[in-house]
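Everything on this sheet refers to the single structure shown next.
The values are calculated or read from the model by the stated rules, or taken from the named source; none is laboratory data. Fair warning: this is a prediction, and the values are worked out from it, not measured in the lab. Using ideal geometry, Cβ is built from the backbone for each residue, glycine included, and neighbour counts are taken over all protein chains shown.
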């Protein structure tokens, strides 16, 4: 009897401890123990917080759908999503919903299922295009006999984003010759253009060059003269941005406090677009989710052991006070990234152009750094202005990678060369040392259609 | 008055109030009146955009292009795109009706008739100029009142663009002809 009683007591204690442990984990920053399976490469950074996606414990599918749209909705809108939800809520497509209920993101992108997750986080078998477009060869004879899994080959079609390449664009660039035009990255907007944005504190920080003599109020706090010297060489000093622009914060009580280590919250006062991109990308998405910053040790890509504990923030790449964009464009990346693609960069022709630019042997913006491709200067529509700003969401032009063709590759290369290069996985791995060994037929198919059309109208190609 | 009678009167009175049918008639707008009214607005806006914006600025004054790739080419949105974007916004807002622009001769093959009612209706409005087509159909689990109205080529811009487009299945449209149909669907009870 005593033994039985003891068993019950042990069982109760064990259950209570287990319950306390689960409650503790549920309220902690690491809730991975509750995950029913590993998450995709796009979400694993935030997997320790169930509430990032499961925003309401009592909701159904609509809760998950709303979480998807909350993070990805704006991007889908900006690229004129080819398969918006409204296409499937249209009653005339009711029969298609039985084949593919594309009203819900999770129909195609189901999380916690790495064993069936393909490229772009798709968890459906590869024949999903076929379900609705199986008769495509009737309209496009060039597509006759093509395999069902070739639709999304680089340079062809995508389910959501077809803004990068389309037939008329390809037709326009059929005759382009590789490396024949001006080889140049886009020139970033000037400070004067940046100040046009409504949030820019132009009243407090008018654009005028500052020196250490303008820092009288802050000098008593700054203990290191080297910091002031570094600041004096930056674009910040040239643009009238003093210490207090980043280090001071006004509280609700109007009291002004000094922040020793400013975060992205300070940076966004002037660089809102850049900070928004950082928070949307893999470097900053944890901060956006209210979690501790990402560290290289948490990455799935190979990272240098010496960098494993570095927390990612604006200054982890831009270095506080120096804000050297050349450092941020290459050395900061290679300080952490240690995969084959990254390690091959310094042997690549791209690095050759960067070396020439940074050593004064070539003109400004002619060098290709890591950032030229992964964080390129792109045209952005902000408020009523068109600005050329650096896109800090490094995933944006990789979903899918042909989005890089227009914003990056075609600054120097022809369309055909770019399409083939980005379809060549080995070439990507060795950081484009050599020429593409695969050929995507999209340009040939457009040529074929154009030729037939011209023959019909009595002309030539 | 006994208790049963009081209960009966109370329940029937409440039911009448809740149903909004105090005089025995169904209140609200008939589906046909609703789709006719919707189409009159759609047709007016579509004609104004085609004539006053595309026809005037792109074709006559030639101060700006109209292009399917309007974002890339910094051009005006085509009238058919304008119509589709509007329809998508309405759908996003969860409106209790849905509309599309379809044709027997579409440039985008996704816009050819698909349901039996669409096929019958688009043929009817093409064969009977000036007439609309009304029907009911069950799509998925829902019954719809479906109205199909003729979409007329009201400006030379419509005719020349469609006749000369590389993907057009028809090249002999004339001004004033039926080029397609506006399909409006309203869900109805069985």
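Of the numbered conditions (1) within 11 Å of chain A (Cβ to nearest Cβ); (2) in contact with a helix residue (DSSP H, G or I) (Cβ under 8 Å, 6 or more places away or on another chain); (3) closer than 24 Å to residue A:89 by Cα, residue B:72 fails exactly one; give the number of that condition.
(3)
For the stretch A:121-197, which fully contained helices (runs of 4 or more DSSP H) count at least 2 residues that are within 29 Å of residue A:103 (Cβ to Cβ) and in contact with a helix residue (DSSP H, G or I) (Cβ under 8 Å, 6 or more places away or on another chain)?
On the way: elements: A:130-133, A:136-139, A:167-172, A:191-194.
Where helices (runs of 4 or more DSSP H) fall fully within the stretch A:121-197 and carry at least 2 residues being within 29 Å of residue A:103 (Cβ to Cβ) and in contact with a helix residue (DSSP H, G or I) (Cβ under 8 Å, 6 or more places away or on another chain), they are A:130-133, A:136-139.
Looking at A:249, A:265, which one is modelled with pLDDT under 90 and either over 18 Å from the mean Cα position of the chain (by Cα) or assigned to a helix (DSSP H, G or I) (or both)? Outline the logic, then answer.
On the way: A:265 fails: modelled with pLDDT under 90.
Testing whether each residue is modelled with pLDDT under 90 and either over 18 Å from the mean Cα position of the chain (by Cα) or assigned to a helix (DSSP H, G or I) (or both) leaves just A:249.
Return yes when residue A:80 is touching a residue at least 40 places away in the same chain (Cβ under 8 Å), within 14 Å of another protein chain (Cβ to nearest Cβ) and over 30 Å from residue A:295 (Cβ atoms) and no when it is not.
On the way: touching a residue at least 40 places away in the same chain (Cβ under 8 Å): yes; within 14 Å of another protein chain (Cβ to nearest Cβ): yes; over 30 Å from residue A:295 (Cβ atoms): yes.
Answer is yes for this residue.
If you take the residues of the stretch B:81-108 that are over 14 Å from the mean Cα position of the chain (by Cα) and under 23 Å from residue B:156 (Cα atoms), which of them is surrounded by the most Cβ atoms within 10 Å (Cβ to Cβ)? So that I can check it myself, show each step before the final result.
Going through the stretch B:81-108, the residues over 14 Å from the mean Cα position of the chain (by Cα) turn out to be B:92-94, B:104-108.
Now drop any that are not under 23 Å from residue B:156 (Cα atoms), which leaves B:104-108.
Values: B:104: 18, B:105: 17, B:106: 20, B:107: 17, B:108: 12.
Among those residues, the one meeting the criterion is B:106.
A quick yes/no check of all residues on (1) surrounded by 17 or more Cβ atoms within 10 Å (Cβ to Cβ); (2) touching a strand residue (DSSP E or B) at 6+ places or on another chain (Cβ under 6 Å); (3) facing chain B (nearest Cβ under 9 Å); (4) touching a residue at least 40 places away in the same chain (Cβ under 8 Å):
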site	(1), (2), (3), (4)
A:105	yes, no, no, yes
A:111	yes, no, no, yes
A:117	yes, no, no, yes
A:125	no, no, no, no
A:135	no, no, yes, no
A:145	no, no, no, no
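How many of the residues in the stretch B:115-137 are within 12 Å of chain A (Cβ to nearest Cβ) and modelled with pLDDT under 95?
0
Take residue A:320 and tell me if it is in a helix (DSSP H, G or I), closer than 24 Å to residue A:238 by Cα and in contact with a helix residue (DSSP H, G or I) (Cβ under 9 Å, 6 or more places away or on another chain).
On the way: in a helix (DSSP H, G or I): no; closer than 24 Å to residue A:238 by Cα: yes; in contact with a helix residue (DSSP H, G or I) (Cβ under 9 Å, 6 or more places away or on another chain): yes.
Spelling it out, it is not the case that residue A:320 is in a helix (DSSP H, G or I), closer than 24 Å to residue A:238 by Cα and in contact with a helix residue (DSSP H, G or I) (Cβ under 9 Å, 6 or more places away or on another chain).
In the stretch A:86-103, which residues are assigned to a loop (DSSP other than H, G, I, E, B), more than 7 Å from every other protein chain (Cβ to nearest Cβ) and at pLDDT 90 or above? Don't jump to the end; show me each part of the working.
Keep residues of the stretch A:86-103 that are assigned to a loop (DSSP other than H, G, I, E, B), which gives A:90, A:100-103.
Going one step further and asking which of them are more than 7 Å from every other protein chain (Cβ to nearest Cβ), we end up with A:100-103.
Answer for the stretch A:86-103, where residues must be assigned to a loop (DSSP other than H, G, I, E, B), more than 7 Å from every other protein chain (Cβ to nearest Cβ) and at pLDDT 90 or above: A:101, A:102, A:103.
Counting residues that are surrounded by 20 or more Cβ atoms within 10 Å (Cβ to Cβ) and over 21 Å from the mean Cα position of the chain (by Cα), which helices (runs of 4 or more DSSP H) fully inside the stretch A:372-461 reach at least 1? Walk me through how you get there before you give the answer.
Numbers: elements: A:403-407, A:415-423, A:425-429, A:442-456.
Ranges flagged: A:415-423, A:442-456.
If a residue has to be facing chain A (nearest Cβ under 10 Å) and at pLDDT below 95 to count, how many in the stretch B:93-107 make the cut?
2
I want to confirm something. Restricting to the stretch B:146-170 and keeping residues that are within 11 Å of chain A (Cβ to nearest Cβ) and either touching a helix residue (DSSP H, G or I) at 6+ places or on another chain (Cβ under 9 Å) or at pLDDT 95 or above (or both), which single residue is surrounded by the most Cβ atoms within 10 Å (Cβ to Cβ)?
B:146
Going by the conditions given, is residue B:78 more than 10 Å from chain A (Cβ to nearest Cβ), closer than 30 Å to residue A:407 by Cα and surrounded by 17 or more Cβ atoms within 10 Å (Cβ to Cβ)? First the steps, then the outcome.
Working: more than 10 Å from chain A (Cβ to nearest Cβ): yes; closer than 30 Å to residue A:407 by Cα: yes; surrounded by 17 or more Cβ atoms within 10 Å (Cβ to Cβ): yes.
So residue B:78 passes the test.
Please give the number of the condition residue A:82 fails out of (1) farther than 22 Å from residue B:96 by Cβ; (2) under 21 Å from the mean Cα position of the chain (by Cα); (3) part of a helix (DSSP H, G or I).
Result: residue A:82 fails condition (3) only.
Restricting the search to the stretch A:166-187, which residues are surrounded by 16 or more Cβ atoms within 10 Å (Cβ to Cβ) and away from chain B (no Cβ under 14 Å)?
Hits for the stretch A:166-187 are A:176, A:183, A:185, A:186.
Considering the stretch A:33-67 alone, what residues qualify as being assigned to a loop (DSSP other than H, G, I, E, B) and without any contact (Cβ under 8 Å) to a residue 60 or more places away in the chain? Can you show your working first?
Pass one, the stretch A:33-67, residues assigned to a loop (DSSP other than H, G, I, E, B): A:35-43, A:47-49, A:53-60.
Passing the criteria: A:47, A:53, A:54, A:55, A:56, A:57, A:58, A:59, A:60.
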